[in-house]
Amino acid sequence: MDIEQAYKKCTDRLMWACASLQAKVAPSELAPIADLIVQPMTGPWRFFHTPQHIFKVGGTEEAIEVLAALFHDLVYVQVDCSINFQLSYYITPYTKEVKGQLVIREPEELPADPMFDIVASVFGFVPGELLQPFAGQNEFLSAVVAVKVLEPFLQPEHLVQIVAGIEATIPFRSTSEDGLTVSDRLKQRLQVTRDKFNLCLSDEELSEAVKKAVRVSNRDVASFAHPNPAHFLANTWNLLPETNHNLINCSYTVRDYRIALQKMEGFMNFLRPDVIFRQYGGEPSDRAFDLWNQAARNNLEIAKLYLGSKLVAIAFIEALSSTIGPDVPLAMMMGNMPERNCGGLRLENLIPHVANAYQAKNELERQVLHLLEKGRAKSANYDLEHSPLATFMVKSMGFEEMRCQCGRAKTFFKEELSAEDFIGGFDPTVAKVLIDGVIKLFESHKNAISRMPWVKNRVLWQSCVNSSTSDSSANK
């Protein structure tokens with residue numbers, strides 16, 4: 001979807017939602033709002049959190065859900081490394097930067113603004129509070145923008161529900177110690193907000209608002225329950241460059257790639273499947289909720305073993321590259337990406353077929369080996385969809401050994417194990433194949449350079465100079 005298509009669809013969604021809520025707004029008034037939404041969503045670092053994502057998250061049936069989704073990812077400081085200039089116009093009256101962190105202004109600094117107070121109340125935030133990057137900062141600031149932009153057209157009763165939908169997209173939160181779920185706590189804050197600001201919303205309407213918020217939240221993380229793990233991993237690979245910007249550079253280093261994989265592998269091992277999806281008041285149904293949780297659990301197990309295996313492979317390459325220097329381009333160690341039309345040999349072309357290859361012991365291993373060998377659902381611009389090195393290592397050593405080596409790799413990353421000792425801990429046959437492959441790849445680099453005409457001419461010229469010098473010396 002290009003920018004023009006995104007702009008048109010965003011405008012259409014805004015018009016439909018406002019009409020559904022009986023808002024009196026002209027199409028010309030919605031055009032700058034669509035632009036405000038599409039600009040940051042099509043920024044240079046957006047690969048997953050894009051216009052396509054917000055259109056999916058909003059669904060097509062409920063205006064409140066559509067509007068909450070359109071605004072929920074506007075601010076994403078970790079991805080964009082800043083806040084879009086146009087968005088900052090709506091945010092700076094209420095927040096400030098203190099020692100590199102965003103903070104809600106103190107009471108005496110805040111303008112008298114009931115709608116901002118409503119946003120803060122729904123989120124449970126107070127003046128002077130430090131905004132935490134992974135605990136609602138982006139969602140809160142996005143909600144502030146949504147309210148200030150939509151305030152001229154919509155009633156406070158509509159806006160508070162939109163804010164609830166955005167708040168619900170703060171992901172991966174647990175049930176509190178007193179047994180209240182994330183949605184229970186949201187309902188409580190909505191009740192407090194309604195009473196404090198005299199909003200015309202019944203308890204039943206607030207419950208329906210929470211259900212809408214739950215639907216938005218669940219669609220936001222829907223990829224975790226994708227029935228095909230190859231698609232789940234493809235979505236995961238779209239997330240990597242959003243917070244690892246070096247991957248967009250075609251000369252990213254071995255270490256750049258390893259750090260990106262290591263962070264994602266750590267996250268997948270940290271994440272619990274029971275905090276991904278939400279249920280409230282029968283939304284979604286028990287059957288759907290159980291299916292999503294089971295799919296998420298399966299995808300997480302696959303991702304952990306898949307990423308761990310790839311981490312071992314890149315650790316071996318990093319250990320070899322460390323003998324050259326700390327910032328060796330991955331392309332130097334493994335060859336250029338085929339899609340970049342650079343030609344030349346790749347390390348995978350130098351890896352032999354494994355005789356008596358390891359056979360998967362269970363369904364998890366079978367799926368992961370298939371994904372490593374055949375690839376994710378689609379390739380990323382910065383990486384192959386399949387994993388030839390990890391496949392070779394798994395087929396040669398098995399998954400249990402890969403798990404063991406993954407632990408050693410993390411020790412190596414912490415510099416508690418030398419590169420030499422790390423490589424020395426591998427099966428000598430496997431290590432020799434990979435080392436020989438890298439040496440042959442380097443020889444191909446050398447041969448490619450030596451075949452260049454100017455190099456040949458320089459060698460010939462140097463030969464003539466040496467011959468002339470020898471003759472001159474002999475005459476003396």
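Here are some notes:
- Which listed residue is in a helix (DSSP H, G or I) and surrounded by 14 or more Cβ atoms within 10 Å (Cβ to Cβ), from L14, L74: L14
- Of all residues making up the range 352-378, the number that are in contact (Cβ under 8 Å) with a residue 40 or more places away in the chain, assigned to a loop (DSSP other than H, G, I, E, B) and open to solvent by 30 Å² or more (accessible area, probe 1.4 Å): 4
- Residue within the range 12-19 that is within 21 Å of I170 (Cα to Cα) and either modelled with pLDDT under 95 or not aromatic (F, W, Y) (or both) present: no
- Subset of the range 168-183 [part of a loop (DSSP other than H, G, I, E, B) and touching a Gly at 6+ places or on another chain (Cβ under 9 Å)]: I170
- Every residue from the range 190-227 that is among the polar types (S, T, N, Q) and either open to solvent by less than 60 Å² (accessible area, probe 1.4 Å) or under 20 Å from G136 (Cα atoms) (or both): Q191, T193, S202, S207, S217, N218, S223
- Single condition V312 does not satisfy, out of (1) among the aliphatic types (A, V, I, L, M); (2) surrounded by fewer than 21 Cβ atoms within 10 Å (Cβ to Cβ); (3) out of contact with any strand residue (DSSP E or B) (no Cβ under 8 Å at 6 or more places or on another chain): (2)
- Any hit, the range 268-283, residues being on the phi > 0 side of the Ramachandran plot, open to solvent by 20 Å² or more (accessible area, probe 1.4 Å) and in a loop (DSSP other than H, G, I, E, B): yes
Condition check ((1) open to solvent by 70 Å² or more (accessible area, probe 1.4 Å); (2) touching a helix residue (DSSP H, G or I) at 6+ places or on another chain (Cβ under 7 Å)) across all residues:
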| site | (1), (2) |
| --- | --- |
| I83 | no, yes |
| Y89 | yes, no |
| V98 | no, no |
| E108 | yes, no |
| S121 | no, yes |
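- Annotation note: Cβ proximity below 7 Å between a residue of the range 71-93 that is at pLDDT below 95 and a residue that is part of a helix (DSSP H, G or I) and open to solvent by 50 Å² or more (accessible area, probe 1.4 Å) (sequence gap 6+ or interchain) occurs for Q78/T243; V79/T243; N84/Q39; Q86/Q39.
- Hits in the range 1-56 (condition: of a type in the set (D, E, K, R) and over 23 Å from the mean Cα position of the chain (by Cα)): E4, K8, K9, D12, R13, K24, E29, D35
- Enumeration of residues in the range 411-431 that are free of Cβ contacts under 8 Å to residues at least 12 places away in the same chain, part of a helix (DSSP H, G or I) and under 29 Å from the mean Cα position of the chain (by Cα): T411
The values are calculated or read from the model by the stated rules, or taken from the named source; none is laboratory data. Because the structure is predicted, anything quoted here is derived from the model rather than measured. Don't worry about glycine lacking a Cβ; one is built from the backbone with ideal geometry, like all the others, and counts go over all protein chains shown. With ligands, DNA and RNA removed, areas are computed over all heavy atoms of the protein, side chains included. Shrake-Rupley method; radii C 1.70, N 1.55, O 1.52, S 1.80 Å.
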